[in-house]
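The structure follows.
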Amino acid sequence: MSLTIPDDSPAEPFLDVPSMLHGSAVARRAPVNRLVLLLAGVLIAFMIIGSKGSSHLRQPLQWLTLLGVVGVLGAGAWASTAAVHRRRREQQALDDVEELIQLRQWEPAAQRVEALLGVPSTSPRFRAQALLELAAILMRYERFEDAIAVHTHLLENEPLDDASSYVIRMSRAMAMLREDHLLDADRAIADLKRRSAGNVSGLQALIELYRDVKTGHAAEALELIDERLPLIRKQMGHRVADAHALHARALDMLDRKEEAAAAFERATLLAPAGELLRRYPDLRPMFDRYTPAPAPAEAA
Amino acid sequence: MISAENAIRVLRRDLTVASAVKFALSGAAVICLLCGPLIGEGLPLIIALVVIAGIWLVLNYRSMRSSVMAVDPPRLIAQGQFDQAEEQIEQVIRGFSFYRTVKLTGLHQLAILRHAQRQWGESATLCRGLLRQRLGTLDRMAQSSRLILIDNLLELDDVYGAYAAILDLYTQRLSLQEAMDLLAVQLDYESRIQAWGAMMHHVAGKVQLCELMPAPAAARAQAMLALAARHTGQLDWVDWLAKRATLLGDIDALVTDRPALKEVFS
């Protein structure tokens with residue numbers, strides 16, 4: 001069976017990763033905050049002059065001080081509100097990109113994330129989230145070296161909590177496997193195992209499975225799938241199709257053809273064959289040997 | 001255990017009290033500032049301002065503590081630690097807070113907890129109580145409450161109430177997650193009123209949305225679509241969807257929860 005991977009790559013080069021990594025930054029304190037501080041300073045000066053000045057100046061200065069207090073409080077409130085609105089807009093933009101990625105609308109997602117990273121961010125957390133979304137898009141366009149560069153930049157330069165760091169390391173390990181950096185991937189997976197301390201996630205299990213299949217360790221892959229398939233299903237939903245596809249490949253490598261055909265059918269029931277091939281080009285031999293599960297014409 | 005009616009009563013009272021306290025403290029501070037230039041500087045005014053600021057700081061601190069208490073319950077509910085979640089939620093609801101959002105979040109979390117505990121009536125009452133409040137910019141909370149309300153009403157066999165709530169949601173802008181949740185409850189509703197044709201309308205798009213759901217929800221939604229396909233004679237869909245549901249979820253649990261699905265898997 002010959003299968004082509006649909007080419008949805010954009011016509012022109014885009015996503016200049018080095019400039020996005022080093023050009024974007026977190027916004028400095030807004031000029032309005034400096035203005036508020038300046039007003040506060042003037043106010044304090046008025047208060048001091050008012051308390052020490054002659055009696056005919058005292059009252060006007062006290063009124064001015066009162067006006068100043070109101071002005072400073074008003075400016076402070078306005079600055080806070082403006083900052084909150086900016087952050088909300090940026091969070092909404094990031095949520096929109098995440099939705100586009102989930103809906104597999106890669107080009108609009110890429111355009112939006114490029115726009116987001118082209119302006120200073122309101123917080124380091126938002127910038128890290130935008131970079132993570134950029135890495136996911138790069139993986140989709142098979143720019144794995146660029147994706148690894150983004151992951152490494154995030155791990156080395158951005159303040160991350162343990163959970164985010166773990167997710168980024170997993171994504172980086174997957175990119176390494178796709179780019180055939182097997183030694184680096186093996187080290188990264190060993191590091192993940194140490195960090196997870198027994199609390200293995202579905203994605204980590206899938207990465208370990210892919211590593212075993214890619215390096216020809218079919219028997220180890222089969223042991224892993226028996227142990228981890230329920231976890232992958234529970235945590236990854238339809239992406240359990242990837243585990244079934246890798247399972248089929250492991251069985252195929254051990255010449256267990258009938259079981260391989262059954263696992264391949266399960267995989268292609270849950271995900272289109274072309275999509276599985278795009279994610280795991282190593283599975284190509286199976287696509288020539290086994291038939292994908294039939295799907296209704298509308299669903300194909 | 002705090003009842004739904006009691007929680008709503010406490011919320012209304014506390015929101016009123018918090019507004020009154022904020023107004024009183026702000027008003028007192030403004031009066032002190034205005035009085036300063038009129039009656040000249042004086043120690044009493046400074047003391048008054050310090051006292052007002054002190055009260056504000058103490059109440060603000062208590063409000064922030066409530067905010068912190070409101071962070072954990074979703075995780076505890078997801079992990080099935082209902083007693084701990086209940087304890088923290090009750091502290092948020094009963095504690096004083098300047099922040100309206102915190103009190104509303106507490107009520108919302110209680111609705112989610114009751115829903116997880118399968119106390120559909122209590123959860124529905126809480127959702128309705130929350131939706132009657134001014135939610136302002138809390139769109140996500142409002143949509144989430146509506147979705148939980150629909151599920152509660154379906155479990156209580158109130159299909160008319162569920163229909164009204166579903167219609168309400170169609171007037172709102174939904175996020176992707178909310179659209180998935182709406183699809184799940186809508187399929188449940190349509191299966192109860194046997195609107196098989198409507199369920200199969202744009203089925204390919206619905207299936208694509210199901211593929212983004214967590215495994216149990218995806219299994220249930222696709223099983224329902226398989227049931228609809230069976231009733232509309234689209235047998236290619238029946239087989240395909242039923243097999244997918246089998247790979248994604250526990251069929252025995254599905255059929256126990258929704259006995260109508262038995263004919264799909266028999």
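Could you run through region B:248-263 and say how many residues are open to solvent by less than 30 Å² (accessible area, probe 1.4 Å) and outside any helix (DSSP H, G or I)?
Number of matching residues: 2.
Of everything in region B:217-240, what is open to solvent by 10 Å² or more (accessible area, probe 1.4 Å), under 16 Å from A:L270 (Cβ atoms) and at the interface with another protein chain (Cβ under 8 Å from one of its Cβ atoms)? Give them in sequence order.
Result: B:W240, single match.
For region B:83-106, what are the residues that are small (G, A, S) and either open to solvent by 10 Å² or more (accessible area, probe 1.4 Å) or in contact with a Leu (Cβ under 6 Å, 6 or more places away or on another chain) (or both)?
Residues satisfying the conditions are B:A85, B:G95.
Residue by residue, here is whether (1) touching a strand residue (DSSP E or B) at 6+ places or on another chain (Cβ under 7 Å); (2) more than 13 Å from A:M20 (Cβ to Cβ) holds:
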| residue | (1), (2) |
| --- | --- |
| A:L117 | no, no |
| A:T122 | no, yes |
| A:R127 | yes, no |
| A:E133 | no, no |
| A:L138 | no, no |
| A:V150 | no, no |
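While we're looking at this one, here's another question. Does B:R146 qualify as being open to solvent by 10 Å² or more (accessible area, probe 1.4 Å) and either farther than 25 Å from B:T171 by Cα or touching an Asp or Glu at 6+ places or on another chain (Cβ under 7 Å) (or both)?
Spelling it out, B:R146 is indeed open to solvent by 10 Å² or more (accessible area, probe 1.4 Å) and either farther than 25 Å from B:T171 by Cα or touching an Asp or Glu at 6+ places or on another chain (Cβ under 7 Å) (or both).
For the list (1) over 27 Å from A:G237 (Cα atoms); (2) open to solvent by 20 Å² or more (accessible area, probe 1.4 Å), I need the number of the one condition that A:S164 fails.
(1) is the only condition that A:S164 fails.
Do we have A:P230 as surrounded by fewer than 20 Cβ atoms within 10 Å (Cβ to Cβ) and touching an Asp or Glu at 6+ places or on another chain (Cβ under 9 Å) here?
Considered against the rule, which asks whether it is surrounded by fewer than 20 Cβ atoms within 10 Å (Cβ to Cβ) and touching an Asp or Glu at 6+ places or on another chain (Cβ under 9 Å), A:P230 comes out as no.
Applying the selection to region B:1-11, what residues are assigned to a helix (DSSP H, G or I), in contact (Cβ under 8 Å) with a residue 60 or more places away in the chain and open to solvent by 50 Å² or more (accessible area, probe 1.4 Å)?
Result: B:E5, single match.
Since A:L269 meets every condition but one in (1) at pLDDT 95 or above; (2) more than 14 Å from chain B (Cβ to nearest Cβ), which condition does it not meet?
Tallying (1) at pLDDT 95 or above; (2) more than 14 Å from chain B (Cβ to nearest Cβ), A:L269 fails exactly one: (2).
Looking at A:D161, A:D146, A:D180 in this structure, which one is closer than 26 Å to A:F14 by Cα and within 19 Å of the chain's Cα centre (by Cα)?
A:D146
Might you check whether a residue that is open to solvent by less than 20 Å² (accessible area, probe 1.4 Å), in contact with a helix residue (DSSP H, G or I) (Cβ under 8 Å, 6 or more places away or on another chain) and assigned to a helix (DSSP H, G or I) occurs anywhere in region B:42-55?
Checked against the condition, which is being open to solvent by less than 20 Å² (accessible area, probe 1.4 Å), in contact with a helix residue (DSSP H, G or I) (Cβ under 8 Å, 6 or more places away or on another chain) and assigned to a helix (DSSP H, G or I), region B:42-55 yields no hits at all.
Does any residue in region A:196-211 that is closer than 11 Å to A:Y166 by Cβ come within less than 7 Å, Cβ to Cβ, of a residue that is of a type in the set (S, T, N, Q) and buried (at least 16 other Cβ atoms within 10 Å of the Cβ) six or more places away or on a different chain, and which pairs are these?
Close Cβ pairs (under 7 Å, with a partner that is of a type in the set (S, T, N, Q) and buried (at least 16 other Cβ atoms within 10 Å of the Cβ)) amount to A:S196/A:Q204; A:S201/A:Q235.
Within region A:58-93, restricting attention to residues that are more than 22 Å from B:S26 (Cβ to Cβ) and away from every other protein chain (no Cβ under 13 Å), which residue is surrounded by the most Cβ atoms within 10 Å (Cβ to Cβ)?
Looking at the filtered set, the residue picked out is A:E90.
Moving on. Restricting to region A:100-114, and then to whatever is surrounded by 17 or more Cβ atoms within 10 Å (Cβ to Cβ) and within 11 Å of chain B (Cβ to nearest Cβ), can you tell me which residue is nearest to the chain's Cα centre (by Cα)?
A:I101
So if I check each of A:R249, A:R256, which one is buried (at least 18 other Cβ atoms within 10 Å of the Cβ) and either away from every other protein chain (no Cβ under 13 Å) or of a type in the set (K, R) (or both)?
A:R249
Now, a different point. Residues of region B:77-93 being under 26 Å from B:R13 (Cβ atoms) and either outside any helix (DSSP H, G or I) or among the aliphatic types (A, V, I, L, M) (or both), which ones?
B:I77, B:A85, B:I89, B:V92, B:I93
Which ones in region B:188-197 are part of a helix (DSSP H, G or I) and either under 27 Å from the mean Cα position of the chain (by Cα) or closer than 30 Å to A:L231 by Cα (or both)?
Of everything in region B:188-197, those that are part of a helix (DSSP H, G or I) and either under 27 Å from the mean Cα position of the chain (by Cα) or closer than 30 Å to A:L231 by Cα (or both) turn out to be B:D188, B:Y189, B:E190, B:S191, B:R192.
Can I ask one more? Those residues that are open to solvent by less than 50 Å² (accessible area, probe 1.4 Å) and more than 19 Å from A:V97 (Cβ to Cβ), I need them from region A:134-148; list them, please.
Within region A:134-148, A:F144, A:I148 meet the criteria.
A further question follows. Does A:E133 fit the bill of being part of a loop (DSSP other than H, G, I, E, B) and within 20 Å of A:I207 (Cα to Cα)?
No: the conditions fail for A:E133.
I would also like to ask the following. Evaluate region A:278-298: report whether one residue or more is within 24 Å of the chain's Cα centre (by Cα), on the phi < 0 side of the Ramachandran plot and not charged (D, E, K, R).
yes
Quick one: in region A:181-227, which of the residues that are part of a loop (DSSP other than H, G, I, E, B) and not hydroxyl-bearing (S, T, Y) is surrounded by the fewest Cβ atoms within 10 Å (Cβ to Cβ)?
A:G198
May I ask you to say which residue of B:L183, B:L209 is open to solvent by 10 Å² or more (accessible area, probe 1.4 Å), of a type in the set (A, V, I, L, M, F, W, C), assigned to a helix (DSSP H, G or I) and more than 10 Å from every other protein chain (Cβ to nearest Cβ)?
Step by step, each of B:L183, B:L209 is checked, and only B:L183 is open to solvent by 10 Å² or more (accessible area, probe 1.4 Å), of a type in the set (A, V, I, L, M, F, W, C), assigned to a helix (DSSP H, G or I) and more than 10 Å from every other protein chain (Cβ to nearest Cβ).
Pick from B:D151, B:D181, B:D168, B:D139: which is among the acidic types (D, E), out of contact with any Gly (no Cβ under 9 Å at 6 or more places or on another chain) and over 23 Å from B:G121 (Cβ atoms)?
B:D139
Also, quick follow-up: For the condition charged (D, E, K, R), assigned to a helix (DSSP H, G or I) and closer than 30 Å to B:L34 by Cα, what is the one hit in A:R112, A:R86, A:R58, A:R125?
A:R58
Can I ask one more? What number of residues within region A:272-294 are free of Cβ contacts under 8 Å to residues at least 24 places away in the same chain and within 14 Å of another protein chain (Cβ to nearest Cβ)?
Number of matching residues: 2.
Within region B:166-180, how many residues turn out to be open to solvent by 30 Å² or more (accessible area, probe 1.4 Å), assigned to a helix (DSSP H, G or I) and more than 14 Å from every other protein chain (Cβ to nearest Cβ)?
Of the residues in region B:166-180, 3 are open to solvent by 30 Å² or more (accessible area, probe 1.4 Å), assigned to a helix (DSSP H, G or I) and more than 14 Å from every other protein chain (Cβ to nearest Cβ).
The values are calculated or read from the model by the stated rules, or taken from the named source; none is laboratory data. None of the values given here were measured: they were computed from a predicted structure. Cβ coordinates were reconstructed from backbone atoms using ideal geometry, including for glycine residues, and neighbour counts include every protein chain displayed. With ligands, DNA and RNA removed, areas are computed over all heavy atoms of the protein, side chains included. Shrake-Rupley method; radii C 1.70, N 1.55, O 1.52, S 1.80 Å.
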